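Remarks on the structure that follows.
The values are calculated or read from the model by the stated rules, or taken from the named source; none is laboratory data. Since the model is a prediction, treat every value here as computed from it, not as a measurement. Counting neighbours? That spans all protein chains shown, and the Cβs are built from the backbone with ideal geometry, glycine included.
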Amino acid sequence: MPRAAKTTKTTKTTKTTKTAKVATATKAVKKVKAPKNAGGIEFNNFEPYKPKRGEKYMNEQQRAHFKTILLNWKSDLMQEVDRTVNHMKDEAANFPDPADRATQEEEFSLELRTRDRERKLIKKIDSTMELIDMDDYGYCEACGVDIGIKRLEARPTATQCIDCKTLAEIKEKQEMG
Ligand SMILES: [Zn+2]
């Protein structure tokens with residue numbers, strides 16, 4: 001893909017590239033099924049946590065905070081999955097016109113791919129909530145440092161600190177050529 005190669009040449013930090021990628025993906029989905037909310041993948045209905053001075057990292061309150069975020073996110077995702085399944089059942093009409101049928105198939109396969117992503121995300125959310133229960137949440141799995149509240153609020157399922165994550169992404173890119 002020559003176009004993709006060109007965009008990777010612009011030296012942005014991996015962090016911004018990633019968010020941009022997610023944003024465009026959501027936008028693309030929104031465009032195709034305009035009346036429906038692309039929801040689910042996004043989660044932003046929470047109050048940012050304000051730690052008190054000297055508060056211990058990942059104390060009970062902080063763990064509860066992230067558990068709430070994860071639970072709400074999960075229930076949004078599950079609703080979204082249900083909605084699509086119902087939508088597809090309702091719409092799965094046999095269009096006599098092959099062009100209509102092709103459009104519908106395209107739309108369905110796009111939706112299925114989105115659902116697949118959401119199911120994977122739900123699994124990831126579940127395993128993240130297990131980490132919270134085991135009091136193992138919020139620490140980088142690669143180097144052990146605190147991942148940090150801000151980063152976890154942006155990415156509640158993060159298992160690595162920003163440095164390790166960035167490094168991993170650079171390595172991944174190099175391996176892909
Ligand atoms: Zn790390």
Counted residues in the range 47-82 being within 16 Å of the chain's Cα centre (by Cα) and in a loop (DSSP other than H, G, I, E, B) come to 0
Subset of the range 86-102 (residues that are exposed (fewer than 13 other Cβ atoms within 10 Å of the Cβ) and either assigned to a helix (DSSP H, G or I) or in contact with a strand residue (DSSP E or B) (Cβ under 9 Å, 6 or more places away or on another chain) (or both))
ASN86, LYS89, ASP90, GLU91, PRO98, ALA99, ASP100, ALA102
Taking LYS150 and the conditions (1) more than 16 Å from the ligand (Cβ to nearest atom); (2) within 25 Å of LYS50 (Cβ to Cβ); (3) not acidic (Asp, Glu), which numbered condition does it fall short on, given that it satisfies the others?
(1)
When residues of the range 155-177 are limited to those that are more than 16 Å from the ligand (Cβ to nearest atom) and part of a helix (DSSP H, G or I), the one surrounded by the most Cβ atoms within 10 Å (Cβ to Cβ)
LYS173
Close pairs (6 angstrom Cβ cut-off, 6 or more residues apart or separate chains): assigned by TED's automatic domain parsing to the domain that holds ILE122 in the range 82-111, among the acidic types (Asp, Glu) anywhere:
THR84/GLU111
Close pairs from the range 140-152: first under 22 Å from GLN61 (Cβ atoms) and in the same structural domain as LYS165 (by TED's automatic domain parsing), partner near the ligand (Cβ under 9 Å from one of its atoms) and among the hydroxyl-bearing types (Ser, Thr, Tyr), Cβ under 8 Å, at least 6 apart
VAL145/TYR139; ASP146/TYR139; ILE147/TYR139
Looking for something within 16 Å of the ligand (Cβ to nearest atom), farther than 19 Å from GLU47 by Cβ and of a type outside the set (Asp, Glu) - is there at least one such residue anywhere in the range 118-136?
yes
For the range 156-177, pairs from a residue that is in the same structural domain as ALA142 (by TED's automatic domain parsing) to a residue that is small (Gly, Ala, Ser) and more than 16 Å from the ligand (Cβ to nearest atom), with Cβ under 9 Å and 6 or more apart or across chains, are THR157/SER127
Verdict on GLU118 being farther than 30 Å from ASN59 by Cβ and in contact with a Leu (Cβ under 6 Å, 6 or more places away or on another chain)
yes
(1) under 18 Å from the mean Cα position of the chain (by Cα); (2) away from the ligand (no atom under 16 Å from the Cβ) all hold for VAL85 apart from (1)
